[in-house]
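A short write-up of the structure that comes next.
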Amino acid sequence: MTLVLLGLLAGGLFWLGSGIFERPSIRHEVGTATDGRRAQQKLFDLTTRGGARDRRDDRRAVVTLLEPELNALLIRHLSGAELPLDEMSIRLVGDGVVEVTGRLPLRALWGDSVNAFARLLPERWVATPVWLRLRGPVQLEVGTGRGERRRLRLDVGYLSLGRRRLPTAVLGLLPEGPILRATRWPVPETVESVTVEPGRLTITIRP
């Protein structure tokens with residue numbers, strides 16, 4: 001597996017060129033610090049008091065996060081250590097589709113399995129952050145084994161580094177690292193559904 005990944009890296013770097021270091025066009029909305037605090041309060045209310053009750057079913061609770069609120073929370077209130085990517089942001093495309101954008105050093109992209117190859121590259125390359133974009137529908141997964149947590153998974157249909165699009169099959173060759181963590185988000189067991197509409201994320205929980 002490592003040899004396959006090394007071969008892809010060696011051939012692909014000539015094609016990628018400087019395109020991977022270029023900033024992509026980012027279209028998400030970022031709110032104010034007040035928006036970030038509002039998002040924090042909504043999530044706190046959801047976990048402690050059940051949020052706003054759905055009128056159709058008194059046993060359920062719902063919370064709606066707007067895209068500016070969500071990004072204000074990520075960018076203004078969470079530290080880099082709490083997120084898999086630097087300058088991470090989310091675009092709520094709609095119809096269940098989410099776009100995640102962020103930065104990470106090139107060496108962190110490939111993990112420890114290709115460190116020997118990374119040493120052959122110029123240090124300014126491996127240390128320079130690259131922009132990553134992941135887009136696709138999100139699905140709520142229920143753990144099948146004992147102790148497995150419920151999580152929200154991004155089924156990636158589009159992947160790019162900088163301004164260069166890559167085949168999503170590359171994700172299957174990567175070791176566990178920040179990119180894969182950016183596609184898997186643990187959620188409480190009480191979360192029943194997550195709905196993505198343009199600019200809006202709605203979470204429904206059961207008691």
Does region 136-147 contain any residue that is within 23 Å of E29 (Cα to Cα), of a type in the set (G, A, S), modelled with pLDDT of 90 or more and assigned to a strand (DSSP E or B)? yes
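Would you mind stating whether A39 is at pLDDT 80 or above, closer than 25 Å to E189 by Cβ and outside any strand (DSSP E or B)? Write out each step before concluding.
On the way: at pLDDT 80 or above: yes; closer than 25 Å to E189 by Cβ: yes; outside any strand (DSSP E or B): yes.
Here the answer is yes, as A39 does meet what is asked.
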Residue satisfying condition, being farther than 22 Å from M88 by Cα, in contact with a Gly (Cβ under 7 Å, 6 or more places away or on another chain) and either touching a residue at least 40 places away in the same chain (Cβ under 8 Å) or of a type in the set (G, A, S) (or both), within set R206, R149, R163: R149
I want to confirm something. Restricting to region 74-125 and keeping residues that are modelled with pLDDT under 75 and part of a loop (DSSP other than H, G, I, E, B), which single residue is surrounded by the most Cβ atoms within 10 Å (Cβ to Cβ)? G111
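The values are calculated or read from the model by the stated rules, or taken from the named source; none is laboratory data. Only a predicted model underlies this, so the values are computations on that prediction, with no experimental measurement involved. Virtual Cβ from ideal backbone geometry, glycine too; neighbours counted across all protein chains shown.
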